[in-house]
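Notes for the one structure printed next.
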Amino acid sequence: SALQTLPEGNVAVAIAGEGLYIVSPNGEIVWALTRPEYRAISKLAINEPGVLWALAETGVIKTLYGAPVSLFDQSLGISVSWPQIVRWNDDVVIASKGRLYERTPGATGEPARFRLMPGQSPAGAWGIAVQGEWLLAANASAVFARRSGEPFRPVLSGSDIARLVTLESGVCLVIGQSEIAALKCEAGTWTECAPRIAGAGYPAIVHAAKKSAWIEI
């Protein structure tokens with residue numbers, strides 16, 4: 001129903017009743033969007049690399065086709081609520097609504113889906129961080145760590161733990177409402193590397209700088 005050449009050399013193809021596809025010059029599907037809103041496109045347009053506009057029955061759709069993730073919702077298998085995303089072992093891990101999700105490959109050109117990560121604590125995971133080969137997850141009472149191919153194991157107990165953030169030095173700050181702790185891994189063992197300090201309130205969002213963490217309360 002519509003065609004649009006892209007600056008990178010590929011072609012965007014809208015097929016009525018099917019969806020929107022980006023196709024390489026040799027006919028391979030590079031990317032596919034088959035959700036209902038993409039199945040009735042009548043016109044495509046582009047004004048800058050990476051941004052494709054589509055006129056559909058539901059309205060005008062702006063699609064960032066050059067980004068690694070442009071779709072993030074329940075249709076991918078995630079229950080979305082205050083999501084946190086980290087990159088671990090060259091893949092994506094998501095903490096959302098107190099659960100950990102790992103990526104599963106999708107069909108050629110289609111967005112990947114996510115599934116619940118096996119072996120996570122039944123008490124949930126409200127904080128997530130990565131340090132080297134380690135994935136760390138925290139719930140209100142403990143911090144757990146794992147390496148690829150290994151199960152989660154507890155590395156710290158505490159109270160009101162909400163967020164994790166790793167610094168350039170390798171220190172992982174364990175931020176809770178009532179107190180803040182610092183963890184570091186040496187010879188495969190995580191231990192506290194500094195005395196605990198008082199918290200500053202509930203850390204809704206945290207951001208890491210090189211030597212510090214900024215907390216929104």
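Among ILE161, ILE94, ILE85, the largest mean-square fluctuation in a Gaussian network model of the chain (Cα springs under 10 Å) belongs to ILE85. Between GLU102 and LEU64, the modelled label-to-label distance comes to 2.7 nm, taking each label 7 Å out from Cα in the direction of the beta carbon. Just the protein heavy atoms count here, and of the accessible area of the range 1-157 at 1.4 Å, carbon and sulfur take up 54 percent.
Considering only alpha-carbon pairs that sit under 8 angstrom and 6 or more positions apart, the relative contact order computed for the range 4-58 is 29 percent. How big is the gap, in Å, between the Cα center of the range 188-213 and the Cα center of the range 118-172? Centre-to-centre (Cα) distance: 12 Å. Set the Förster distance to 25 Å, then compute FRET efficiency between LEU3 and SER75 from the Cβ-Cβ distance, nearest 0.05. For R0 = 25 Å, the calculated efficiency reads 0.45. Accessible surface computed residue by residue for the range 93-169, with neighbouring protein chains in place and a 1.4 Å probe, gives 45 Å² per residue. Note on ASP91 and GLU179: their simple-model spin labels are 3.5 nm apart, each label 7 Å out from Cα toward Cβ. When its C-alpha radius of gyration is set against 2.2 N^0.38 Å (N residues), the range 99-181 gives a value of 1.19. Taking GLY199, GLY59, GLY124 as the candidate residues, the one with maximal mean-square fluctuation in a Gaussian network model of the chain, Cα springs under 10 Å, is GLY59. Rolling a 1.4 Å probe over the protein chains gives GLU18 an accessible area of about 100 Å². Rg over Rh for the chain works out to 1.09, using Cα positions for both radii and the Kirkwood form for Rh. Here, the range 1-63 is characterised by an Rg to Rh ratio of 0.93, where Rg is the alpha-carbon radius of gyration and Rh the Kirkwood radius.
When the chain is treated as a Gaussian network with alpha carbon springs shorter than 10 Å, the biggest mean-square fluctuation among GLN177, GLN74, GLN120 belongs to GLN74.
The calculated FRET efficiency for the pair ALA208 and TRP53, based on their C-beta separation and a Förster distance of 25 Å, comes to about 0.10.
Counting only lysines at least 8 places from LYS43 when in the same chain, those with an alpha carbon closer than 18 Å to its own are LYS62.
The values are calculated or read from the model by the stated rules, or taken from the named source; none is laboratory data. Keep in mind that this is a model prediction, so the values were computed, not measured. Neighbour counts are summed over all protein chains in view; Cβ atoms, including those assigned to glycine, are modelled from backbone coordinates with ideal geometry. SASA here: full protein model, heavy atoms, side chains in, ligands and nucleic acids out. Shrake-Rupley method; radii C 1.70, N 1.55, O 1.52, S 1.80 Å.
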